[in-house]
Amino acid sequence: MTKQEKLVILFLIGLLVLGLAVKFYKAHSGVPVLKVEKIDIDKIEKETRSIRINTATAGDFARLPGIGPALAGRIVDYRAKFGAFSAKQDIKNVSGIGEKKYEAIKDCLTVD
Amino acid sequence: MRKRPLFFAFLAICAGIWICETLLPNHIKNFTTTGEIYLTANIVTDPVHKTDAYGRAAVTFTAEAVSIGKAQSSARGLVNVTSYDEKDAALEYGDYILIKGNTSRLRAPYLARRGIYSAVTVNKSGFISVIKKGSGSCFTRNIFRFKNKLRILIREHLPGAEGDVLTGVLLGERSAIENDLKGRFVQTGTVHILAISGLHVGIIAAIFILMSRFFYVPVRVTYIVVPFLLIAYAVLTGANTPVTRATLMASSVLIGRAFNRKVDILNCLGLAGIFLLLINPKMLFDAGFQLSFATVISIIALAPGLETVLGCDFEKNRVIDYLKRSIAVSLAAWFGIIPIVAYHFNMISPVCILANIPAVFLLSLIVASGLVFLSVGLTAPFLAHFFAGAVEFFIAALIKAVTVFSNMPFAFFRTHPWNTAEIISFYIALAAMGLTLYKKNIRKYHAAIALLVFLNISVWGGVLRCTKYDVRCTVLDVAHGDAIMLEFADGSCALIDAGKKIRGLDMGERVIAPYLLSRRIKRIDAVFTTHNDNDHAGGMDYIIKNFNVKNKFDSYNLKFGDKITGFKGADILVLNPPDERFRAVGSEENENSLVLKVVSGSRSFIFCADIQDQAMASLLAYPGLLKSDVIKVAHHGSSLSGTGEVFLKYIASKIALVSAPAGEVSEKLINQLVESNCAVYITGRDGNITVELNNGKICLKFN
């Protein structure tokens, strides 16, 4: 065995040991600790559901309870015609949204 | 042209094959992929009778299509036919039949290599009627009739598990053998004993030659007659690759001997290989082909060297000498097939070296006594009973031995399917080590270097795998059922459901475990059993038993409002069942199944398990939470009520995944989804569906 060959063997053994070490480390370090938390889903729902009435599209409005695609289209048309809503309750001016419907959706709307 | 007729003939044949395969559109795979069809076809295999996974009696065979549809337009190509009608049990090879049945697409690569792309199932609404009997080869038909006689004889005298094993060992039909027993043969590396392999052909050739010597038949006559008997045996067993290989090799060796030619065994192997590949080039990628050739090559190359190392030539004691030689052969065979078994079966079984010694010995006894039993049974049935006892004893001993070996510690371990670099470097190392046995101009440390290179490739290949995704979600194709794998950027993972477990088919073992091994996953951080129906929970036992499962969740320890944190880059929200579980007669499990939402950044996936109207209606109160980019559709894509339609609208996904056979999914549902601009993918049609989420971008992959 020449000196070079010895070096090659030693290098390969070293590399192998390093590889095994990294493998072992990876298998034992990355174990996530899972936790089950209780969250306030109603709060999250409100946040995710809030619709910005001045930027929302017809599709966004259509996801609100009691609002179909036709009514959603009318809201967008109204906004295009009369400009941005300054307050939430202004949406009642759109024909088809009465007091009842407004009560159902008002929590999901924000103006900004 | 005149000078090179062979060359131009070759070009013409190439063009012909290409035209047949690509331009002629009447291949059966180009017709309807699902639904009802009419088909006329010739039966080209011996029909196999078996009990299917649900315990129904079935008969299956391969048929070559002749025409398709009520108008009988011409068709070609092979189909696998399964019939549940009792009167179809009388079908045999060579029948020309009219089939009405349901067709479906087959995707298994081993079937594709045999040119089979579709299946036809005949149940109550369909039928098979015989138009004409007796097409096909007369020789083959008579051999199959003879085989049927033998099969009945075996069942008559050996009705238990022993009879099933003997049918497998002698006639090449192992569908009747219990799955658990088959698994033990696989684990101990002795499954080649159940599948007819080259070894059987060798034993049978040896028995024929010994018998003819006993009756003073001239040697040359024996050497010319035995190949014909072997060919008949090969046809009888269905002529799989290893048998064809061994028959060709044995025949060429014997005929060579008959004419006093010097025989070179590697040359005979080459001849057999060329013959097999000429018939079907795709066979090169077949597990049976690879195992058969690798075993023979490595026994020829390594066994003599190992025998010298073990000192076989110096033993006076013949028993010890025999044992040492067996170990040398067994060891040589095992070295040669390690990468192939790892690649196809994700397993390395060191116990195979030991297990094969008694197994092969017992196999010779079983084949010899089995042949005597069958020939006595055909000629003098009243004596057969006594010989059946001997066969039964040997088979019982084989089963016992295999069971003992499979229960040994470190008998076998599972591995990922090896990649090309690992396989090639392993064979280089093996060749180098083999050469040192013969002290050819190679030193031991050269072999050591080759071995170290292989080990480095194997270890670093696992370490350096890059994960270029935040979340990787794979809906596995488990027929009717759910099994979804979630992988995260840090290598942690979770499994939602594990498919069904029915007699002879455990999706956990058959689909999910191989997938996990192919992803090099040994630890599962969480398993979710959405509910206790078999098509969701059935395969979970196998996974929990064979993998390192850290957390187990189900619809009883999780409920609405829970959030599971700890995975890198994603959280899992639980949307169902609610605090107070739904009460529903008949669909209680379904209504209370776990609905999970995986949220990563602004993107989200929702998995709806099997929820129905009640659960969907109560979730409609949370349209914001429901909105998701990808949905795993509820209840295998069954049709929806009005509530379900609103539910889908609220989720408003752009990608819908359905885990079900293609024929089961409601057409109406697919249309609704497509109308709302949602792309629909179905496991039964598209196979495993992978959705990768990377930096907010969604990318789909199929395999």
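Inside segment B:113-136, residues that are surrounded by 14 or more Cβ atoms within 10 Å (Cβ to Cβ) and within 30 Å of residue B:686 (Cβ to Cβ) make up a count of 12. Count of segment B:544-565 residues, restricted to those that are assigned to a loop (DSSP other than H, G, I, E, B) and among the charged types (D, E, K, R), is 2.
Would you tally the residues in segment B:527-554 being within 11 Å of chain A (Cβ to nearest Cβ) and in contact (Cβ under 8 Å) with a residue 40 or more places away in the chain? The total comes to 1. For segment B:164-172, the condition holds for at least one residue, the condition being that it is assigned to a loop (DSSP other than H, G, I, E, B) and either closer than 22 Å to residue B:233 by Cα or modelled with pLDDT of 85 or more (or both).
Here is a yes/no grid of residues against (1) out of contact with any Phe, Trp or Tyr (no Cβ under 7 Å at 6 or more places or on another chain); (2) at pLDDT below 90; (3) in the same structural domain as residue B:279 (by TED's automatic domain parsing); (4) in a strand (DSSP E or B):
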residue: B:101; (1), (2), (3), (4): yes, yes, no, yes
residue: B:107; (1), (2), (3), (4): yes, yes, no, no
residue: B:111; (1), (2), (3), (4): yes, yes, no, no
residue: B:119; (1), (2), (3), (4): yes, yes, no, yes
residue: B:125; (1), (2), (3), (4): yes, yes, no, no
residue: B:148; (1), (2), (3), (4): yes, yes, yes, no
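Within segment B:259-286, track down each residue that is surrounded by fewer than 16 Cβ atoms within 10 Å (Cβ to Cβ) and under 21 Å from the mean Cα position of the chain (by Cα). Passing the criteria: B:280, B:281, B:282, B:284, B:285.
When segment B:671-702 is filtered for residues that are assigned to a helix (DSSP H, G or I), in contact with a helix residue (DSSP H, G or I) (Cβ under 8 Å, 6 or more places away or on another chain) and either closer than 18 Å to residue B:596 by Cα or open to solvent by less than 40 Å² (accessible area, probe 1.4 Å) (or both), the ones remaining, listed by number, are B:673, B:684. Screening residue B:67 with (1) in contact with a Lys or Arg (Cβ under 8 Å, 6 or more places away or on another chain); (2) surrounded by fewer than 21 Cβ atoms within 10 Å (Cβ to Cβ); (3) part of a strand (DSSP E or B); (4) small (Gly, Ala, Ser) gives one miss only, at (1). Close Cβ contacts (under 8 Å, 6 or more residues apart or on different chains) running from residues in segment B:671-686 that are in contact (Cβ under 8 Å) with a residue 40 or more places away in the chain to residues that are assigned to a helix (DSSP H, G or I) and not hydrophobic (A, V, I, L, M, F, W, C) comprise B:682/B:637; B:684/B:663; B:684/B:664. In this entry, residue B:426 is excluded by the filter for residues that are surrounded by fewer than 19 Cβ atoms within 10 Å (Cβ to Cβ) and away from every other protein chain (no Cβ under 14 Å). Looking across B:169, B:235, B:243, one residue alone is within 24 Å of residue B:280 (Cα to Cα), surrounded by 22 or more Cβ atoms within 10 Å (Cβ to Cβ) and touching a residue at least 24 places away in the same chain (Cβ under 8 Å). It is B:243.
Put simply, of B:89, B:53, B:12 the only residue that is in a helix (DSSP H, G or I), within 19 Å of residue B:124 (Cβ to Cβ) and either among the small types (Gly, Ala, Ser) or modelled with pLDDT under 80 (or both) is B:89. Taken as a whole, segment B:113-126 holds at least one residue that is under 20 Å from the mean Cα position of the chain (by Cα) and of a type in the set (Lys, Arg). Residues in segment B:447-459 that are open to solvent by 60 Å² or more (accessible area, probe 1.4 Å) and facing chain A (nearest Cβ under 8 Å): B:455 alone.
Inside segment B:646-670, residues that are in contact with an Asp or Glu (Cβ under 7 Å, 6 or more places away or on another chain) and open to solvent by 70 Å² or more (accessible area, probe 1.4 Å) make up a count of 1.
When each of B:551, B:590 is tested for being open to solvent by less than 50 Å² (accessible area, probe 1.4 Å), modelled with pLDDT of 90 or more, closer than 27 Å to residue B:688 by Cβ and out of contact with any strand residue (DSSP E or B) (no Cβ under 7 Å at 6 or more places or on another chain), the lone residue that passes is B:590. Here residue B:235 passes the criteria (1) within 24 Å of the chain's Cα centre (by Cα); (2) not in a helix (DSSP H, G or I) except the one numbered (2).
All conditions in (1) open to solvent by less than 40 Å² (accessible area, probe 1.4 Å); (2) at positive phi hold for residue B:108, with the sole exception of (2).
Check segment B:581-595 and report whether any residue there is under 23 Å from residue B:524 (Cβ atoms) and within 13 Å of chain A (Cβ to nearest Cβ). Taking every residue of segment B:581-595 in turn, at least one turns out to be under 23 Å from residue B:524 (Cβ atoms) and within 13 Å of chain A (Cβ to nearest Cβ).
Give me the residue from segment B:20-29 that is modelled with pLDDT of 75 or more and outside any loop (DSSP other than H, G, I, E, B) and, out of that set, surrounded by the most Cβ atoms within 10 Å (Cβ to Cβ). Filtering first and then ranking leaves B:28. Taking segment B:488-535 as the range and being polar (S, T, N, Q) and open to solvent by less than 10 Å² (accessible area, probe 1.4 Å) as the test, the residues that pass are B:492, B:530. Just one of the numbered conditions (1) open to solvent by less than 10 Å² (accessible area, probe 1.4 Å); (2) touching a residue at least 40 places away in the same chain (Cβ under 8 Å); (3) more than 14 Å from every other protein chain (Cβ to nearest Cβ) is not true of residue B:485: (2).
Of the helices (runs of 4 or more DSSP H) lying entirely inside chain A, those containing at least 2 residues that are more than 8 Å from chain B (Cβ to nearest Cβ), over 30 Å from residue B:458 (Cα atoms) and among the hydrophobic types (A, V, I, L, M, F, W, C) are A:58-62, A:69-82, A:99-105. Could you go through segment B:523-533 and let me know if any residue there is in a strand (DSSP E or B), farther than 12 Å from residue B:483 by Cα and under 25 Å from the mean Cα position of the chain (by Cα). Looking through segment B:523-533, at least one residue is in a strand (DSSP E or B), farther than 12 Å from residue B:483 by Cα and under 25 Å from the mean Cα position of the chain (by Cα). Filter segment B:620-641 for residues that are away from chain A (no Cβ under 14 Å) and open to solvent by 20 Å² or more (accessible area, probe 1.4 Å); which is modelled with the highest pLDDT? Looking at the filtered set, the residue picked out is B:635. Filtered by the rule that a residue be more than 19 Å from residue B:557 (Cα to Cα), in a helix (DSSP H, G or I) and either in contact with a His (Cβ under 9 Å, 6 or more places away or on another chain) or small (Gly, Ala, Ser) (or both), segment B:534-543 gives a lone residue, B:535.
The values are calculated or read from the model by the stated rules, or taken from the named source; none is laboratory data. These numbers were taken from a predicted model, which means no experiment stands behind them. Here the Cβ is made from the backbone with ideal geometry for all residues, glycine too, and neighbour counts use every protein chain on show. Surface accessibility is based on the protein's heavy atoms, side chains included, excluding ligands, DNA and RNA. Shrake-Rupley method; radii C 1.70, N 1.55, O 1.52, S 1.80 Å.
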